[in-house]
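This is the structure, below, for whatever I ask next.
The values are calculated or read from the model by the stated rules, or taken from the named source; none is laboratory data. Since this is a predicted model, take the numbers as computed values, not measurements. Note that each Cβ is placed from the backbone with ideal geometry, even for glycine, and that neighbours are counted across all protein chains shown.
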Amino acid sequence: AQSVTQLGSHVSVSEGALVLLRCNYSSSVPPYLFWYVQYPNQGLQLLLKYTSAATLVKGINGFEAEFKKSETSFHLTKPSAHMSDAAEYFCAVSDNAGRRALTFGSGTRLQVQP
Amino acid sequence: EPEVTQTPSHQVTQMGQEVILRCVPISNHLYFYWYRQILGQKVEFLVSFYNNEISEKSEIFDDQFSVERPDGSNFTLKIRSTKLEDSAMYFCASKAGGGTGELFFGEGSRLTVL
């Protein structure tokens, strides 16, 4: 069985501040991990994915995430928030062959204050 | 840029009525998915479809649900007799191949059951 837990349903940061969105996973097999972003009235867009290569993964829009097996975490970070980063962010897990469907977390809504 | 399109964007129906949600996946994609998100809750997997048959389904996908790819381009989700708890945003997604290829999502169809 697989699951992800996203800590914090809402995160608010100031423009230019560090963004940190937390995700912890549970998986009985080595996982593949994903972060998706959803802008208002749009579908889910892939930000980045971990598929057992480098543990630090860089994605679009300056985001990155680090896979830490010892902590079962895959937190999403961005050094400096932009107003355009305001959106809902979802962490997701799959099995290590990508055969199973994605299991999503409950999402974190990021607000960026001017 | 190719995209997954979904219709309708919003449907309101009476409890007990049949609903069909339509999706046009990206044209060269082979794997198709339906997910749903009840307001305020996590994105939940419903069903995956490959080679004209269901490859995986969740506990949510009971006998009231069915999927079909009737004409090689559309991918539909039918709910035979809607219940109040079927009210949700339904997302269609497609993927080119197996493994860790990117899952492309549509913008969703909001279903409201009264």
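If we keep just the residues of the stretch B:86-98 that are among the small types (Gly, Ala, Ser) and not in a loop (DSSP other than H, G, I, E, B), which is farthest from A:LEU102 (Cα to Cα)?
Per the stated criteria, the residue is B:ALA88.
Output the number of the condition that B:GLN64 fails; it satisfies all remaining conditions of (1) in contact (Cβ under 8 Å) with a residue 40 or more places away in the chain; (2) in contact with a helix residue (DSSP H, G or I) (Cβ under 9 Å, 6 or more places away or on another chain).
Going through the list (1) in contact (Cβ under 8 Å) with a residue 40 or more places away in the chain; (2) in contact with a helix residue (DSSP H, G or I) (Cβ under 9 Å, 6 or more places away or on another chain), B:GLN64 breaks only (1).
Against the conditions (1) under 22 Å from A:LEU44 (Cβ atoms); (2) within 11 Å of the chain's Cα centre (by Cα), where does B:GLU68 fall short? Just the number, please.
(1)
Collect the residues in the stretch B:81-114 that are of a type in the set (Ser, Thr, Tyr) and more than 13 Å from chain A (Cβ to nearest Cβ), keeping them in residue-number order.
Hits for the stretch B:81-114 are B:SER81, B:THR82, B:SER87, B:THR112.
Can you find a residue that is out of contact with any His (no Cβ under 8 Å at 6 or more places or on another chain), surrounded by 13 or more Cβ atoms within 10 Å (Cβ to Cβ) and over 28 Å from B:GLN6 (Cβ atoms) anywhere in the stretch A:32-45? Walk me through it before giving the result.
Residues of the stretch A:32-45 out of contact with any His (no Cβ under 8 Å at 6 or more places or on another chain): A:32-45.
Subsequent filtering for residues that are surrounded by 13 or more Cβ atoms within 10 Å (Cβ to Cβ) retains A:32-39, A:42-45.
Pick out the ones that are also over 28 Å from B:GLN6 (Cβ atoms) and you get none.
No, the stretch A:32-45 contains no residue that is out of contact with any His (no Cβ under 8 Å at 6 or more places or on another chain), surrounded by 13 or more Cβ atoms within 10 Å (Cβ to Cβ) and over 28 Å from B:GLN6 (Cβ atoms).
Have a look at B:THR13, B:THR5 and point out the one that is in contact with a strand residue (DSSP E or B) (Cβ under 9 Å, 6 or more places away or on another chain), within 12 Å of chain A (Cβ to nearest Cβ) and surrounded by fewer than 17 Cβ atoms within 10 Å (Cβ to Cβ).
Unique residue meeting the criteria: B:THR5.
Which of the residues belonging to the stretch A:2-56 are free of Cβ contacts under 8 Å to residues at least 60 places away in the same chain and out of contact with any strand residue (DSSP E or B) (no Cβ under 8 Å at 6 or more places or on another chain)?
Residues satisfying the conditions are A:ASN41, A:GLN42, A:ALA53, A:ALA54.
Checking the conditions here, which among A:THR55, A:THR72 is surrounded by 14 or more Cβ atoms within 10 Å (Cβ to Cβ) and polar (S, T, N, Q)?
Result: A:THR72 is the single residue among A:THR55, A:THR72 that is surrounded by 14 or more Cβ atoms within 10 Å (Cβ to Cβ) and polar (S, T, N, Q).
Please determine, by comparing only the residues of the stretch A:36-50 that are more than 9 Å from chain B (Cβ to nearest Cβ) and over 24 Å from B:VAL24 (Cα atoms), which one is modelled with the highest pLDDT.
Kept after step one, since they are more than 9 Å from chain B (Cβ to nearest Cβ), are these residues of the stretch A:36-50: A:37, A:39-40, A:47-48, A:50.
Narrowing the set further to residues that are over 24 Å from B:VAL24 (Cα atoms) leaves A:48, A:50.
Details: A:LEU48: 94, A:TYR50: 91.
My answer is A:LEU48.
State all residues of the stretch A:9-26 that are closer than 21 Å to B:GLN41 by Cβ and either of a type in the set (A, V, I, L, M, F, W, C) or surrounded by 14 or more Cβ atoms within 10 Å (Cβ to Cβ) (or both); if no residue qualifies, say none.
Selection gives A:VAL11, A:LEU21, A:ARG22, A:CYS23, A:ASN24, A:TYR25.
Would you point out the residue of the stretch A:87-113, among those that are at pLDDT below 85 and outside any strand (DSSP E or B), that is surrounded by the most Cβ atoms within 10 Å (Cβ to Cβ)?
The qualifying residue surrounded by the most Cβ atoms within 10 Å (Cβ to Cβ) is A:ALA101.
Within the stretch A:90-107, identify whether any single residue is more than 19 Å from A:GLN2 (Cα to Cα) and hydroxyl-bearing (Ser, Thr, Tyr), and answer yes or no. So that I can check it myself, show each step before the final result.
Filtering the stretch A:90-107 down to residues more than 19 Å from A:GLN2 (Cα to Cα) leaves none.
Looking through the stretch A:90-107, none of the residues is more than 19 Å from A:GLN2 (Cα to Cα) and hydroxyl-bearing (Ser, Thr, Tyr).
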